[in-house]
Amino acid sequence: MNSMTGYGFKETVVDNTQISVEIKSVNNRFLDLNINLPYFLNPLEQKVRRLVSEKIVRGKIDVTIRVKDMNSTAKVSADPQAALMYAEAIGQIAKALGKNSSDVSLSLIVGQEGVLNITHEYDAESYWNKIEGIFTEVFEQFISDRRREGENLKKDLLSKLSVLDSCADFFKEWQPKMEQKFKEQISARFNELLGDSVDENRIMTEVAAMMVKYTINEEIIRLHSHLAAMRKEFNENPVPGKRIDFICQEANREINTIGSKNQFTEVGEQVINAKDALENIREQSKNVE
């Protein structure tokens, strides 16, 4: 079980290139992957996206890669023809203003657009050869951080599940008492209305009908089944988040029904405890991948 929050970072120099890789994530219902690269490394985006999505299922994840060459990658070229054209045109302007064309400085000519051209040669794959090892190390650090936090979440979830198990056992223990109280209430009601002329068979028929409506046996069976399914998700499913949320909805339905049929203070207290533990599980499931 993994948490959806995690962090990894490293900055180092490889072959005269300063490289930093940062990966961080927060909760999200689905996988929302944002890759931040320098424009000249955009060809690497799909590679990075594939590597992350192979191991991560849920969470809003930001991957940021920065590179800075310690040695210049600039390539400078000159256009002498353009320089001559600029020099002639500027000289004409100088002459028109009564200036000596020889006063036109070289820096003025060189500073004109197109006289000197600067380009950078970037090979994304060659950069990836430098980045890959750093990225792998940070990604493993990030996954390890999510796993560590996930283990803490799992311990908390299992403790809440144990509370639910105890509540379900309590409901099962008190089920006969609840049914007996229903029987006594129905008998008392008939005696109040009919007195000595009450028909025992009629009472038994009414009791049977009321038991169908008010017994919690089926709810208890289904609740135990949901809790067993939840425990299996915790222990066997590496990405149980969405499944846990669904099971919680089903378990909540059974607990609500038990509460609506209850007439005992003791059972009502356990219903509250069960709903509180279940709500905690539902909230924590939003943090689980």
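The values are calculated or read from the model by the stated rules, or taken from the named source; none is laboratory data. Given the structure is predicted, the values throughout are model-derived calculations rather than measurements. So basically every Cβ, Gly included, is an ideal-geometry build from the backbone, and we count neighbours across all protein chains shown.
Annotations for the structure displayed:
- In region 225-238, the condition of being of a type in the set (Phe, Trp, Tyr), in the same structural domain as Glu184 (by TED's automatic domain parsing) and either under 29 Å from Arg58 (Cα atoms) or within 33 Å of the chain's Cα centre (by Cα) (or both) is met by at least one residue.
- Test: residue in region 29-37 that is loosely packed, with under 14 Cβ neighbours inside 10 Å, outside any strand (DSSP E or B) and not β-branched (Val, Ile, Thr): yes
- Verdict on Ile134 being at pLDDT 95 or above and surrounded by 15 or more Cβ atoms within 10 Å (Cβ to Cβ): yes
- The residue that is nearest to Ile134 (Cα to Cα), counting only those in region 38-61 that are assigned to a strand (DSSP E or B) and free of Cβ contacts under 8 Å to residues at least 60 places away in the same chain, is Ile61.
- Any hit, region 138-145, residues being surrounded by fewer than 14 Cβ atoms within 10 Å (Cβ to Cβ), of a type in the set (Asp, Glu) and either within 30 Å of Asp79 (Cβ to Cβ) or modelled with pLDDT of 90 or more (or both): yes
- Only a single item in (1) closer than 30 Å to Arg231 by Cβ; (2) without any contact (Cβ under 8 Å) to a residue 12 or more places away in the chain is not met by Lys160, and it is number (2).
- Criterion: loosely packed, with under 11 Cβ neighbours inside 10 Å and either closer than 30 Å to Gly114 by Cβ or under 55 Å from the mean Cα position of the chain (by Cα) (or both) - qualifying residue of Arg58, Arg66, Arg50: Arg50
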